[in-house]
């Protein structure tokens, strides 16, 4: 997101690997390593994939116990609102070949990976300018 208090857009990343996901769009992030908190994993993954630092906001609660979103057969995706901190400009550095800032009217203009689509639909309602948002 571009701003935690009043987000107007969402950053999407197009996968370049693995082959079965190449060309699909997703929310940036990745897996939690052993001994790492979920929040620390978000910071590390975004540094590696996009070359930026983040300021994390609140979690985006999903339907699973603990607030996660289903991914794959038995995986759980955790999502936070986040804002680029400092002067950083996101770049597609690792496992991605393109980035795009999407607005409420362009959110569904990319082919989202199936696991990310329900999250994107939930995030759409948080964006300033979203239909049905006061």
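Please treat every number below as a calculation from the coordinates, not as lab data. Source: prediction; values computed, not measured. Positions of Cβ are backbone-derived with ideal geometry, glycine not excepted, and every protein chain shown enters the neighbour counts.
With a/c under 1.5 counting as rounded, go ahead and sort segment 47-99 into rounded, prolate or oblate using the C-alpha gyration tensor (a ≥ b ≥ c being the square roots of the eigenvalues; past the cut-off, prolate if a/b is larger than b/c, else oblate).
The shape class here is oblate.
Between residue 76 and residue 5, with labels modelled 7 Å along Cα→Cβ, what's the label distance in nm to one decimal, could you check?
Calculated label separation equals 3.3 nm.
Please report how far the C-alpha centroid of segment 1-44 lies from that of segment 57-126, rounded to the nearest whole angstrom.
Computed from Cα coordinates, the inter-centre distance equals 6 Å.
Using helices alone, I'd like the mean residue ellipticity at 222 nm for the chain: each DSSP H run of four-plus residues gives -39500 (n - 2.57), total over residue count, nearest 500.
For the chain, the value works out to -4500 deg cm²/dmol.
Taking the number of other C-beta atoms within 10 Å as the exposure measure, put 43, 96, 21 in order starting with the fewest.
Taking fewest neighbouring Cβ atoms as first place, the list is 21, 43, 96.
Based on the Kirkwood radius over alpha-carbon pairs, what value in µm²/s does the Stokes-Einstein equation return for the translational diffusion coefficient of segment 1-125 at 37 °C and 0.692 mPa s?
Answer, rounded: 222 µm²/s.
How high is the relative contact order of segment 1-130, in percent, with contacts defined as C-alpha pairs under 8 Å that are six or more residues apart?
33
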